[in-house]
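Data first, discussion second: the structure below is written as structure tokens.
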Amino acid sequence: MHFDTYNPEHFYDEYFLESGRPRPEVEKLINKINSFAKSELANQRRAANAAFKQMGITFGVYGDNKGLEKIFPFDIVPRIINARDWNLIERGVKQRVHALNQFIQDVYNDQRILKDGILPKEFILSSVAYRKECVGLTPPKNIWCHVSGIDLVRDHDGQFYVLEDNLRCPSGVSYVLGNRRVMKQTLPAVFEALPIRPVEDYAGRLAETLRNLIPESILKPNIGILTPGIYNSAYFEHSFLAQQMGEELVEGQDLVVMDGFVYMRTTQGFERVHAIYRRIDDEYLDPTVFNPDSLLGVPGIMGSYREGKVALANAPGAGIADDKAIYSFVPKIIKYYTGEDAILQNVPTYVCEDEKQRQHVIDNIEKFVVKTAHGSGGYGMLIGPFSTRKEQKAMIDNILREPRNYIGQPVIQLSRVPVMVMDHFEGRHVDLRPYVLYGEDIYVLPGGLTRVALKKNSLVVNSSQGGGSKDTWVLAEDVT
Amino acid sequence: MLSRVANSLYWMNRYLERIENTARLIESQLHMLLDLPSMRKDPNAWKPLVDITGDNQYFTENIGRYKREEVIFFHTFDRNYPHSIISCVIAARENARSVREIISSEMWEKINNLYLSVAGPGASLKASKNPHKFYYDIKMACHLILGIAYSTMAHGEAWHFSELGRFLERADKTSRILDVKYFIILPRIDFVGSSLDSVQWTALLKSISSLEMYRKRFNLISSKNIVDFLIFDREFPRSILYCIRHAERAYFNINGTPFGVYDNDLARQFGKLMGKLNYSHIDEVMAIGLHQFLDEIQSDLNDVGETIHDNFFANKPVSELNQSGAQIQ
């Protein structure tokens, strides 16, 4: 199998400048693949899939039968990012997360950015992710967003844009680690040919990020990963991270607050927990403060957090910065707190709360992607060019009913990377989610999760909507 | 170790043991009926398999008469009956899933496979086409999981909780099967030596996986020796004494107190049970009445199960109201 017949068409293709002319950073890889015997790659793909099944790398799908898990489809052709591009991404993402963290601290405390009139106060404070319970709070070391995932896309000119910020509980990092492990097993020879930056130490860095929140005087702290339980779609990842970090995987029922401290129930009695990497949303964290019906959370944990007796990552309230309507202000936020221009551009975004912008979205709905301000996982989203008149009309009704909750973005022609289809390669659209840890410094895991829309021409890459993933290789140095 | 994790390991092993027992029971019944043509016509031939569960009322209300297909369905595929193989497989897998980071990945994989073979499409067709193979496979899957656990899990606290669950469940099952089967076969005791009788006793031993081991010790089939063997044998891993001794040992390992220090309720309950088994003779048991003796053992086992729950799984701060996390006994 080789690339002779591969056609990049009119898209930005990350492998080929044009038919038969590979980009310099992938040339070596293409030669390697072209040199394989006819069935070798297909055999390797089979081996990779078997490895995933064996390792049980799965995700749950909401709405399906209880307990049903699927394997995240995996494509064996890696996505390659050259050192120059990665350098830009890394700087841009660090700048962004740094500024967003300052923004969250400011919004819950002095509100300088609102007082200075940089952002509209009412609009910001009306976000459903704004937690009045966090007003006046400063978390340990001023860090709010310990773990974030910044979704990036490339347009037809190859430029990177930020599509959205995920500052609540971004998931998917276990696939990054799983994909790499499987790729190293199945294609070791290809690895040797290229200077690929490793991702192996993510779990260790995450553990350090959490340890950073606990006073040094506590010699043997307990750290818990709080999961909603086995039916959550990301349960595999929660248990995987707990296993890799060697920390306890806990459910709400395992934790109890006594005298303001958080304890876990063990067979030998109660043991104090010092920091919690929580993988449940704010609303479910503490039924005495947020949603009273939540069975997933821990009654009293917010009180404990407020008194500084337990650290939570990410900090409750951090979600204000991933409101998709507030996203449109991020370039201003960066400028305000850092004095710099944003290194990574936003996708142009129309906020439906604003009458003029709303009308523009409605008038051109067949050309827009419309999203809810708080949705995730690709649920409740409309892609104009691929929608029916009826779907468009339903979306317009939604927008008019609740304009604050919707944004519109022009359709981006996402860049493409080859995937294996039967016995040949075809281009498919991809995005990229780098993972960022905010501990003593800000660290960006080289690469991140490349999601790929496996359906031909589809622009939706979410795993819940028929997307798959690829291993992402960041090159340590560029070919000169 | 987290109480929830200990609870899951304990129950995962109880369920696996239960699955294996049920599969073995049905398998030995199928075998026995092949040897007893006259009994095949008996409308109540399959009734003892329901009697063992003590859930006759549920059976008559929800399933019907004691026909072969119905009893097999009840024990294997009835999702509404919490002790059926399929319900136990689902429960075992859910427990395994919630402790995936604790058990080895090979173990998880095999439990998952067992689930797919029982709950997947075509399972009931396989069971009716070739029941012998179907139940044999389930039995072997359970043995495989146990073997993998033995050689891939650290033999620390997680392992001791697994042992605790497994041996308590096994003691309970042996006592139930003995109790029910003994009184069914008993009226025919005058025909000692007749082929019908010995086929049934043999089937009883087989259903507890003990025929070969029994033969090594006693050679001849006799009801008293069988009872002696299944309650008091010190080496056979399914005898009641053996199971409780091992459960007790697991308990002391978990608690960290020296063996033989009976300084709390659970230790004392174990001590009393062991005393009863260590210092009783088969003749005394027969004099009191086997049923009464087994009944007491079963009720002691239930008490032990409750104390384990209170001690290890349900520790509550004083302020917290009673909330039950108990699984199906």
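Points worth noting:
Matching residues to (1) assigned to a helix (DSSP H, G or I); (2) within 14 Å of another protein chain (Cβ to nearest Cβ); (3) modelled with pLDDT under 90:
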position	(1), (2), (3)
B:82	no, no, no
B:92	yes, yes, no
B:111	yes, yes, no
B:118	yes, yes, no
B:138	yes, no, no
B:142	yes, no, no
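- When the range B:1-37 is limited to residues that are without any contact (Cβ under 8 Å) to a residue 24 or more places away in the chain and over 30 Å from residue B:161 (Cα atoms), the one that is farthest from the other protein chains (Cβ to nearest Cβ) turns out to be B:37.
- 1 or more residues farther than 19 Å from residue B:175 by Cβ and polar (S, T, N, Q): qualifying helices (runs of 4 or more DSSP H) within the range B:19-79: B:37-40, B:56-62, B:68-76
- Residues of the range B:149-178 that turn out to be among the β-branched types (Val, Ile, Thr) and open to solvent by 30 Å² or more (accessible area, probe 1.4 Å), as a count: 1
- Members of the range A:26-70 that are at pLDDT 75 or above, open to solvent by 20 Å² or more (accessible area, probe 1.4 Å) and within 14 Å of chain B (Cβ to nearest Cβ): A:50
- For the range A:124-157, the set of residues classified as over 27 Å from residue A:348 (Cα atoms) and open to solvent by 60 Å² or more (accessible area, probe 1.4 Å) consists of A:132, A:135, A:138, A:141, A:142, listed by residue number.
- Meets criteria (under 16 Å from residue A:439 (Cβ atoms) and touching a strand residue (DSSP E or B) at 6+ places or on another chain (Cβ under 9 Å)) for residue A:167: yes
- Filter result for residue A:115 (out of contact with any Gly (no Cβ under 8 Å at 6 or more places or on another chain), among the basic types (Lys, Arg) and modelled with pLDDT under 95): no
- On inspection, residue A:212 does not qualify as within 18 Å of the chain's Cα centre (by Cα) and away from chain B (no Cβ under 11 Å).
- Failed item in (1) open to solvent by less than 10 Å² (accessible area, probe 1.4 Å); (2) without any contact (Cβ under 8 Å) to a residue 60 or more places away in the chain; (3) in contact with a helix residue (DSSP H, G or I) (Cβ under 6 Å, 6 or more places away or on another chain); (4) within 14 Å of chain B (Cβ to nearest Cβ), with residue A:310 passing the rest: (4)
- The range B:27-43, residues that are surrounded by 13 or more Cβ atoms within 10 Å (Cβ to Cβ) and either within 18 Å of the chain's Cα centre (by Cα) or of a type in the set (S, T, N, Q) (or both): B:27, B:28, B:29
- Subset tally (residues that are more than 19 Å from residue A:169 (Cα to Cα) and either open to solvent by less than 10 Å² (accessible area, probe 1.4 Å) or over 22 Å from the mean Cα position of the chain (by Cα) (or both)) for the range A:87-123: 20
- Selection of the range B:281-292 for residues being of a type outside the set (Val, Ile, Thr), touching a residue at least 12 places away in the same chain (Cβ under 8 Å) and open to solvent by less than 70 Å² (accessible area, probe 1.4 Å) yields B:286, B:290.
- The residue pairs whose first member lies in the range A:275-290 and is open to solvent by 40 Å² or more (accessible area, probe 1.4 Å), whose second member is part of a helix (DSSP H, G or I), and whose beta carbons are closer than 7 Å, counting only pairs six or more residues apart or on different chains, are A:289/A:133; A:289/A:302.
- For residue A:419: the one exception among (1) in contact with a helix residue (DSSP H, G or I) (Cβ under 8 Å, 6 or more places away or on another chain); (2) more than 21 Å from residue A:164 (Cα to Cα); (3) modelled with pLDDT of 90 or more: (1)
- In this structure, residue A:269 does not qualify as more than 30 Å from residue A:28 (Cα to Cα) and either open to solvent by 40 Å² or more (accessible area, probe 1.4 Å) or more than 10 Å from every other protein chain (Cβ to nearest Cβ) (or both).
- Just one of the numbered conditions (1) within 26 Å of the chain's Cα centre (by Cα); (2) free of Cβ contacts under 8 Å to residues at least 24 places away in the same chain; (3) under 22 Å from residue A:439 (Cβ atoms); (4) away from chain B (no Cβ under 12 Å) is not true of residue A:207: (2).
- Residue within the range A:239-248 that is of a type in the set (Ser, Thr, Tyr), under 22 Å from residue A:171 (Cβ atoms) and in contact with a Gly (Cβ under 9 Å, 6 or more places away or on another chain) present: no
- Verdict on residue A:343 being away from every other protein chain (no Cβ under 14 Å) and either part of a helix (DSSP H, G or I) or more than 26 Å from residue A:204 (Cβ to Cβ) (or both): yes
- Residues within the range A:241-264 that are open to solvent by 20 Å² or more (accessible area, probe 1.4 Å), touching a residue at least 40 places away in the same chain (Cβ under 8 Å), under 30 Å from residue A:70 (Cβ atoms) and more than 7 Å from chain B (Cβ to nearest Cβ), tallied: 3
- The residues of the range A:171-191 that are open to solvent by 10 Å² or more (accessible area, probe 1.4 Å) and within 17 Å of residue A:313 (Cβ to Cβ) amount to a single one, A:171.
- Exclusive hit being of a type in the set (Gly, Ala, Ser) and within 11 Å of chain A (Cβ to nearest Cβ), set B:128, B:105: B:105
- Meets criteria (in contact (Cβ under 8 Å) with a residue 40 or more places away in the chain, open to solvent by 50 Å² or more (accessible area, probe 1.4 Å) and not assigned by TED's automatic domain parsing to the domain that holds residue A:454) for residue A:368: no
The values are calculated or read from the model by the stated rules, or taken from the named source; none is laboratory data. No experiment lies behind these values; they were computed from the predicted model shown. Note that each Cβ is placed from the backbone with ideal geometry, even for glycine, and that neighbours are counted across all protein chains shown. To get the accessible areas, we keep the full protein, side chains included, count just its heavy atoms, and leave off ligands, DNA and RNA. Shrake-Rupley method; radii C 1.70, N 1.55, O 1.52, S 1.80 Å.
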